[in-house]
Amino acid sequence: MGGGVSVRGVDPAIREFEALMDQFDKILDRCDSETVEYTKCINAKGCGDVAGLFSRNFRPGKTSKTYSGPCGAKAYELSACFERREDRYALVRTNCGKLNEDYEICMMQNSRNPSECAQSVRKLLECTQNALNYLNSKK
């Protein structure tokens, strides 16, 4: 009954892979809090243009500081977060390019069994964390 998946029935390798992917996503910043705040605002005020944030209004390096409307400030915060995420991912591509490529190839070759790529994710995650730590130490 219920729609949940039993953790007991999930292969430990799959759980490890999912945990690694979740950690990688957190490092890049999922923009969870900004998404929640913007969504709460548009729901409360019955306005907003979520599609606009993902298309015409959002261009990495060109976040508009002049979002208008009752949720303009929240839209700006979300767009700025998307920009930071893209900057971080660019850092991954620059500093961890080969590991990122290895991961992508592994995923293509193991699309039915992504847990086979846990080692690739682990290496990419370590490289990403080191690159971000280095970047943060220079601030």
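The values are calculated or read from the model by the stated rules, or taken from the named source; none is laboratory data. Quantities reported herein were computed from a predicted structural model and do not represent experimental measurements. For neighbour counting, all protein chains shown are included, and Cβ atoms are generated from backbone atoms with ideal geometry for every residue, glycine included. For accessibility, only protein heavy atoms count, side chains too; no ligands or nucleic acids. Shrake-Rupley method; radii C 1.70, N 1.55, O 1.52, S 1.80 Å.
Quick notes on this structure:
- Selection of region 20-36 for residues being modelled with pLDDT under 90 and not in a helix (DSSP H, G or I) yields Asp29, Arg30.
- The set of residues in region 71-94 being of a type in the set (Gly, Ala, Ser) and under 20 Å from Glu37 (Cα atoms) consists of Gly72, Ala73, Ala75, Ser79, Ala80.
- Filter pass, Glu86 being under 16 Å from the mean Cα position of the chain (by Cα) and surrounded by fewer than 16 Cβ atoms within 10 Å (Cβ to Cβ): yes
Listed here are the residues, each with its yes/no results for (1) aliphatic (A, V, I, L, M); (2) open to solvent by less than 60 Å² (accessible area, probe 1.4 Å); (3) over 29 Å from Pro12 (Cα atoms).
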{"site": "Pro70", "(1), (2), (3)": "no, no, yes"}
{"site": "Tyr76", "(1), (2), (3)": "no, no, yes"}
{"site": "Asn95", "(1), (2), (3)": "no, no, yes"}
{"site": "Ile105", "(1), (2), (3)": "yes, no, no"}
{"site": "Pro114", "(1), (2), (3)": "no, yes, no"}
{"site": "Cys117", "(1), (2), (3)": "no, yes, no"}
{"site": "Ser120", "(1), (2), (3)": "no, yes, no"}
{"site": "Lys123", "(1), (2), (3)": "no, no, no"}
{"site": "Asn130", "(1), (2), (3)": "no, no, no"}
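- Counting only residues that are hydrophobic (A, V, I, L, M, F, W, C) and open to solvent by 60 Å² or more (accessible area, probe 1.4 Å), region 22-49 holds 2 of them.
- Restricting attention to region 95-106, the residues that are in a helix (DSSP H, G or I) and in contact (Cβ under 8 Å) with a residue 12 or more places away in the chain add up to 6.
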